[in-house]
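Q: Here you go, one structure.
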Amino acid sequence: MEMAHSPLCSRSRPVLVARPATAAAAAAVTGFAQPIIRCRRFTRTRLLRCLVASADYSKRNPRRASTPKPKGAGSRTYAPRPTVESSMKKIGQSGTDEGDLGTSNGKLSSEATEQTSNVEESSEVDFSGNVSNSVFLEGMDDAFEAETEEEVEQNQSPELSSESMDDDAIDRKLDEYRGKISALISSKPEPTSVSSTHVQDRSIVGFHEQEKSVVSFHEQDRSIVSVPEQSQPSSGVSGQNPTEEKTIISGQDVTEEAPEEITGKSIEGEPLSRETEEVLFADDDPRIIKDEQYEPDIAPAQDDVDPQVLRRRLEELAEKNYLAGNKCFVFPEVVQADSVIDLYLNRSMSALASEPDVLIKGAFNGWRWKKFTEKMHKSELTGDWWCCKLHIPKQAYRLDFVFFNGDTIYENNNHNDFVLQIESEIDEHSFEDFLVEEKQRELERLAAEEAERKRQVEEECRKEEDRAAMEADRAQAKAEVEMNKNKLQNILNSASRYADNLWYIEPHTYKAGDRVKLFYNRSSRPLMHNTEIWMHGGYNNWSDGLSIAERLVKSYEKDGDWWYADVTLPERALVLDWVFADGPPGNARNYDNNGRQDFHAVVPNNISEDLFWVEEEHMIFKRLQKERKEREDADQRKSEITAKMKAEMKEKTMRDFLLSQKHIVYTEPLEVRAGTTVDVLYNPSNTVLNGKPEVWFRCSFNRWTHPSGPLPPQKMVNAENGSHLRATVRVPLDAYMMDFVFSESEEGGIYDNRNGMDYHIPVTDSIAKEPPMHIVHIAVEMAPIAKVGGLGDVVTSLSRAVQDLGHNVEVILPKYDCLNLSNVKDLHYRQSFTWGNTEIKVWFGKVEDVPVYFLEPQNGMFWVGCVYGRNDESRFGFFCHSALEFLRQNGSSPDIIHCHDWSSAPVAWLFKEQYAQNGLSNGRVVFTIHNLEFGAHHIGKAMARCDKATTVSYTYSREVSGHGAIAPHYSKFHGIRNGIDPDIWDPYSDNFIPVY
């Protein structure tokens with residue numbers, strides 16, 4: 001017995017190896033070169049792994065079918081399979097040292113019978129990894145023992161010794177064993193243990209399908225280990241190792257005397273040493289595992305391999321690759337996804353031969369997935385081999401890597417990098433889909449984080465606004481209290497309890513909350529001829545407005561023309577305020593208001609004046625908060641209505657746009673969604689491809705910038721309705737726009753590209769967003785700060801609408817001295833620059849939430865008190881040139897420069913002639929005509945140099961199509977209907993529209 005250690009540091013766990021002193025000694029004791037271990041009841045449930053020396057390790061293949069592979073077959077295990085002789089030849093080769101077969105079996109059976117006469121059940125573990133049903137094995141064991149007893153009696157004579165048996169006799173004997181075992185197998189039900197059924201073609205009792213020999217005899221050095229089991233056991237045995245690891249799981253039907261029985265017993269006649277006993281029964285042995293925790297089917301394969309075999313296999317691979325001139329190799333040789341591999345580099349064969357440090361840098365799937373850098377270590381293999389472990393992700397189909405020294409010296413396979421193919425369920429195309437899905441998940445995560453961050457920011461802003469509003473309300477309440485206190489003090493100074501022969505109150509002593517009678521003498525007063533008199537009252541200088549209305553009745557108890565009314569004095573009244581009228585509130589025409597001074601009576605109160613004003617301030621504060629909450633709720637309702645209206649209008653506009661092309665092209669379904677398949681239907685009869693025998697569909701996505709590039713041309717087929725042709729397209733998940741044109745052939749020829757605009761259909765539900773464009777409007781009008789006509793409305797509304805789509809929009813405007821600056825937020829001086837020997841100051845502010853740059857030449861050109869009417873052509877020409885110069889000097893490079901009407905038309909040709917190749921090369925010029933009646937020459941020149949031209953409606957574009965400035969360039973002239981901004985033109989906030 002000795003402890004064997006792996007030569008590799010990662011597998012240095014000691015293992016138990018049981019070897020007889022010599023083969024001859026073992027044979028002398030047991031009659032076999034093959035050691036046999038008999039184990040009966042143990043004191044506690046445990047699993048034992050016994051390593052038994054074997055020269056025929058290639059057949060030991062746990063958890064696999066026992067049929068051996070032919071010599072030379074490829075193997076994924078650690079060691080190659082050597083040539084295996086038949087069990088018959090092995091028995092024949094055992095010679096006289098092995099003893100008589102029958103005698104040996106007889107001895108084994110008799111020994112087992114004597115030692116286990118009180119055993120109720122037993123089970124056998126065969127070395128192919130099969131554990132049979134305990135009841136079934138009991139029958140097997142009984143039959144086997146009965147047979148061996150007969151053989152013992154027959155083999156007592158020396159004439160029947162193993163030396164006298166020829167090969168034919170042995171064959172006959174083995175055939176008898178096979179027949180009996182086969183009969184037992186056919187007469188018993190199918191075993192139900194996990195290990196005996198998980199491989200269908202595995203032998204139940206441990207004999208090979210090919211050789212049909214009993215497990216006890218078919219190999220020279222194999223051991224039989226018999227362990228009683230109460231429940232169905234699981235077993236695992238390492239395979240294809242010269243020192244083979246056996247796994248034994250003890251049962252749970254235990255006795256106290258079983259350890260003593262085993263102590264001192266022999267392994268086929270040899271006593272167990274104390275060291276062996278300690279190893280077998282050590283609770284802290286890492287190889288002893290309780291059966292309920294052992295899961296052989298999921299154990300890693302490397303754990304079942306003898307480190308010496310692994311070392312020998314790696315040495316073979318290292319030598320093989322070294323001789324072949326390969327600088328590196330991997331183990332296992334077949335690399336699979338979602339696994340761990342060992343990668344080896346021969347430093348002496350690489351550019352790193354003299355470097356002390358070796359690192360590997362790599363990634364997967366063409367350097368596109370999970371980049372990594374790992375440090376390599378000197379291995380224990382012969383030669384200058386360095387190694388490291390790498391985990392292969394589940395989504396990998398290829399590994400790309402290079403080696404380097406941690407600095408600038410690389411071994412990169414002669415600039416080709418190292419590439420290792422991986423067995424995986426994923427390929428290049430499915431990996432693209434995976435990347436898109438991964439991108440979607442990442443975008444969703446980022447969107448969720450951004451939404452949460454925005455929510456938190458908004459929450460903080462809201463709390464800050466609430467705090468600021470609360471402080472403002474408190475300050476306003478305090479200010480109102482001070483103002484009311486001063487006013488009320490003046491009223492108190494003039495108030496009294498009565499006025500002689502005019503008014504008085506009964507009873508004469510009263511306080512707030514009392515019900516009193518207010519008497520009024522109408523004689524010689526403004527209401528002396530009125531038959532109906534009303535008292536309109538309030539309190540504390542009308543702090544709550546008109547809050548009391550009582551009708552007076554004639555008093556017949558008083559002399560004179562006295563009238564009275566019953567009045568309840570308000571609880572918080574310090575002074576009662578009132579007037580007399582000839583009718584109730586809303587219907588009165590004549591008043592007696594004491595000569596415009598009103599009537600005031602002092603009202604005693606139960607609370608102190610200081611406490612009264614503290615409570616008054618609190619009440620005012622609560623009122624202000626309530627009013628603010630009502631305003632916020634109203635604004636929220638308005639925002640929701642506006643958002644709903646915008647969404648409905650946007651949906652309607654998009655639907656109208658899609659349907660407007662239906663006579664030429666449309667999709668089914670009409671709304672294109674990312675990740676779906678759509679049909680494109682095209683009617684060539686209304687296009688330049690009318691009458692062509694073939695029509696080819698050419699498509700891409702994201703304005704022809706999708707990473708996958710244009711799709712292959714697709715020949716369109718007849719649709720069901722007959723007039724249209726059909727093509728089917730799969731829309732990627734990251735598509736936000738579908739772009740396509742049509743051609744007469746696969747090679748091209750005549751194209752229908754919508755007059756150079758191409759066909760574009762927006763895609764919804766995309767995981768990608770369209771990159772924002774930078775758009776700059778250069779104009780001389782902008783509502784509401786410098787509005788003369790419709791041009792100013794379009795500049796503002798269009799800028800806001802495009803900004804709402806997520807694009808960056810800016811406006812450049814002259815800084816007139818007549819600007820309505822009250823509508824400019826945060827106006828401030830930004831910078832200055834010089835052009836045309838003139839200093840130009842740049843101001844910045846926001847108009848209707850649109851960023852605006854105001855250019856102010858210091859030559860006074862725009863200090864004329866008006867927009868038009870003062871040498872306009874010269875002024876606006878200077879402005880256009882200075883606007884482009886400002887963009888250039890500021891380092892701005894917009895995608896679109898939009899100029900309007902004749903006043904900013906010079907931008908079109910100045911840009912093309914002086915700035916397109918001088919700092920503003922990214923820009924395209926769009927020119928919009930609002931009114932063709934002015935500046936036709938400038939308009940014609942701008943039409944010639946712009947990239948696209950638009951006007952305010954499709955109808956107007958038809959009307960002016962024959963104009964001399966338009967006709968030569970009509971192919972790039974498009975009519976786009978003007979819209980309105982629902983936020984600016986909002987009836988809820990329009991002062992000229994009454995809202996009830």
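The values are calculated or read from the model by the stated rules, or taken from the named source; none is laboratory data. Everything quoted here is computed from the prediction, not taken from an experiment. Glycine also receives a Cβ, built like all others from the backbone with ideal geometry; neighbour counts cover every protein chain displayed.
Q: Any chance you could count how many residues in the range 791-817 are farther than 29 Å from Asn859 by Cα and more than 38 Å from the chain's Cα centre (by Cα)?
A: 1
Q: Sticking with this structure for a sec: Give the range 589-608 a look and list any residue that's surrounded by 11 or more Cβ atoms within 10 Å (Cβ to Cβ) and under 21 Å from Leu569 (Cβ atoms), or say none. Give the derivation first.
A: We begin by selecting, within the range 589-608, every residue surrounded by 11 or more Cβ atoms within 10 Å (Cβ to Cβ); these are 590-594, 598-605, 607.
Hits for the range 589-608 are Asp592, Asn593, Asn594, Asp598, Phe599, His600, Ala601, Val602, Val603, Pro604, Asn605, Ile607.
Q: Something else now. Are any residues in the range 890-899 surrounded by fewer than 23 Cβ atoms within 10 Å (Cβ to Cβ) and touching a Ser or Thr at 6+ places or on another chain (Cβ under 9 Å), and if so, which ones?
A: Ser893 - this is the single residue of the range 890-899 that is surrounded by fewer than 23 Cβ atoms within 10 Å (Cβ to Cβ) and touching a Ser or Thr at 6+ places or on another chain (Cβ under 9 Å).
Q: Assess whether Asn978 counts as being more than 19 Å from His777 (Cβ to Cβ), under 45 Å from the mean Cα position of the chain (by Cα) and assigned to a loop (DSSP other than H, G, I, E, B).
A: no
Q: Now for a different question. Scan the range 927-948 and tell me whether some residue there is out of contact with any Phe, Trp or Tyr (no Cβ under 9 Å at 6 or more places or on another chain), of a type in the set (Ser, Thr, Tyr) and surrounded by 14 or more Cβ atoms within 10 Å (Cβ to Cβ).
A: yes
Q: Quick one: in the range 565-586, of everything that is surrounded by fewer than 17 Cβ atoms within 10 Å (Cβ to Cβ) and in contact with a strand residue (DSSP E or B) (Cβ under 9 Å, 6 or more places away or on another chain), which residue is farthest from Glu616 (Cα to Cα)? Write out each step before concluding.
A: Keep residues of the range 565-586 that are surrounded by fewer than 17 Cβ atoms within 10 Å (Cβ to Cβ), which gives 566, 568, 571, 583-586.
Subsequent filtering for residues that are in contact with a strand residue (DSSP E or B) (Cβ under 9 Å, 6 or more places away or on another chain) retains 566, 568, 583-585.
On the way: Asp566: 27, Thr568: 20, Gly583: 32, Pro584: 29, Pro585: 27 Å.
Here the residue is Gly583.
Q: Out of the residues in the range 380-395 meeting the condition of being at pLDDT 95 or above and in contact with a Phe, Trp or Tyr (Cβ under 6 Å, 6 or more places away or on another chain), tell me which one is farthest from Leu343 (Cα to Cα).
A: Only one residue fits best here, namely Trp385.
Q: Would a scan of the range 761-769 turn up a residue that is of a type in the set (A, V, I, L, M), assigned to a loop (DSSP other than H, G, I, E, B) and touching a Phe, Trp or Tyr at 6+ places or on another chain (Cβ under 7 Å)?
A: The answer is yes; a qualifying residue exists.
Q: Continuing with this model, one more query. Pairs needed: first member in the range 914-931, in the same structural domain as Met757 (by TED's automatic domain parsing) and at negative phi; second member anywhere, surrounded by fewer than 18 Cβ atoms within 10 Å (Cβ to Cβ) and part of a strand (DSSP E or B); C-beta distance under 7 Å; at least 6 residues apart or different chains.
A: Cβ pairs passing all conditions: none.
Q: Is it true that Phe878 is over 22 Å from Val809 (Cα atoms) and out of contact with any Phe, Trp or Tyr (no Cβ under 8 Å at 6 or more places or on another chain)?
A: Here the answer is yes, as Phe878 does meet what is asked.
Q: Just for the range 324-341: of the residues that are crowded, with 17+ Cβ neighbours inside 10 Å and not in a loop (DSSP other than H, G, I, E, B), which one is nearest to the chain's Cα centre (by Cα)?
A: The selected residue is Ser339.
Q: Considering only the range 342-365, how many residues are part of a strand (DSSP E or B) and surrounded by 20 or more Cβ atoms within 10 Å (Cβ to Cβ)?
A: 7
Q: Still on this structure: Identify all residues within the range 410-428 that are farther than 16 Å from Ala337 by Cβ and surrounded by fewer than 13 Cβ atoms within 10 Å (Cβ to Cβ); write none if there are none.
A: The answer is Asn414, His415, Asn416.
Q: Right, another one. At least 3 residues that are of a type in the set (A, V, I, L, M) in each: list the helices (runs of 4 or more DSSP H) lying fully within the range 854-964 that qualify.
A: Result: 872-889, 906-910, 936-945.
Q: Looking only at the range 793-845, which residues are in a strand (DSSP E or B), basic (Lys, Arg) and either in contact with an Asp or Glu (Cβ under 6 Å, 6 or more places away or on another chain) or closer than 18 Å to Ala883 by Cβ (or both)?
A: The first filter runs over the range 793-845 and keeps only residues in a strand (DSSP E or B), leaving 808-814, 825-835, 838-845.
When the remaining residues are screened for being basic (Lys, Arg), the result is 825, 830, 841.
Passing the criteria: Arg830, Lys841.
Q: Which of the following residues is touching a Ser or Thr at 6+ places or on another chain (Cβ under 9 Å), in a helix (DSSP H, G or I) and in contact (Cβ under 8 Å) with a residue 12 or more places away in the chain: Glu437, Glu432? Spell out the reasoning first.
A: On the way: Glu437 fails: touching a Ser or Thr at 6+ places or on another chain (Cβ under 9 Å).
Selected residue: Glu432, the only one of Glu437, Glu432 that is touching a Ser or Thr at 6+ places or on another chain (Cβ under 9 Å), in a helix (DSSP H, G or I) and in contact (Cβ under 8 Å) with a residue 12 or more places away in the chain.
Q: In the set Ser892, Ser882, which member is closer than 21 Å to Ala908 by Cα and at pLDDT below 95?
A: After ruling out the rest, the residue left standing is Ser892.
Residues checked against (1) closer than 28 Å to Val802 by Cβ; (2) touching a residue at least 60 places away in the same chain (Cβ under 8 Å); (3) in the same structural domain as Ala916 (by TED's automatic domain parsing):
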| position | (1), (2), (3) |
| --- | --- |
| Val852 | yes, yes, yes |
| Phe862 | yes, no, yes |
| Cys866 | no, no, yes |
| Gly877 | yes, no, yes |
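Q: Checking the structure you have, find out if any residue of the range 454-469 is over 29 Å from Lys622 (Cα atoms) and under 60 Å from the mean Cα position of the chain (by Cα).
A: yes
Q: Right, another one. Is there a residue being β-branched (Val, Ile, Thr), surrounded by 13 or more Cβ atoms within 10 Å (Cβ to Cβ) and in a strand (DSSP E or B) anywhere in the range 658-667?
A: Yes, because at least one residue in the range 658-667 is β-branched (Val, Ile, Thr), surrounded by 13 or more Cβ atoms within 10 Å (Cβ to Cβ) and in a strand (DSSP E or B).
Q: Out of the residues in the range 962-990 meeting the condition of being at pLDDT below 90 and among the small types (Gly, Ala, Ser), tell me which one is surrounded by the fewest Cβ atoms within 10 Å (Cβ to Cβ).
A: Ser971
Q: Pick from Gly792, Gly891, Gly836, Gly877: which is farther than 28 Å from Ala949 by Cα and of a type outside the set (A, V, I, L, M, F, W, C)? Quick ask: steps written out before the conclusion?
A: Numbers: Gly792 fails: farther than 28 Å from Ala949 by Cα; Gly891 fails: farther than 28 Å from Ala949 by Cα; Gly877 fails: farther than 28 Å from Ala949 by Cα.
Going through Gly792, Gly891, Gly836, Gly877 in turn, the sole match is Gly836.
Q: Does Ser350 meet the test of being free of Cβ contacts under 8 Å to residues at least 60 places away in the same chain and of a type in the set (Ser, Thr, Tyr)?
A: When the stated conditions are applied, Ser350 does not pass them.
Q: While we're here: Mind telling me which of the residues Trp843, Trp902, Trp909 ends up being surrounded by 22 or more Cβ atoms within 10 Å (Cβ to Cβ) and in contact (Cβ under 8 Å) with a residue 12 or more places away in the chain?
A: Trp902
Q: Kindly indicate whether any position in the range 392-409 is surrounded by fewer than 15 Cβ atoms within 10 Å (Cβ to Cβ), among the aliphatic types (A, V, I, L, M) and either in contact with a strand residue (DSSP E or B) (Cβ under 6 Å, 6 or more places away or on another chain) or under 30 Å from Lys439 (Cβ atoms) (or both).
A: No, that holds for no residue.
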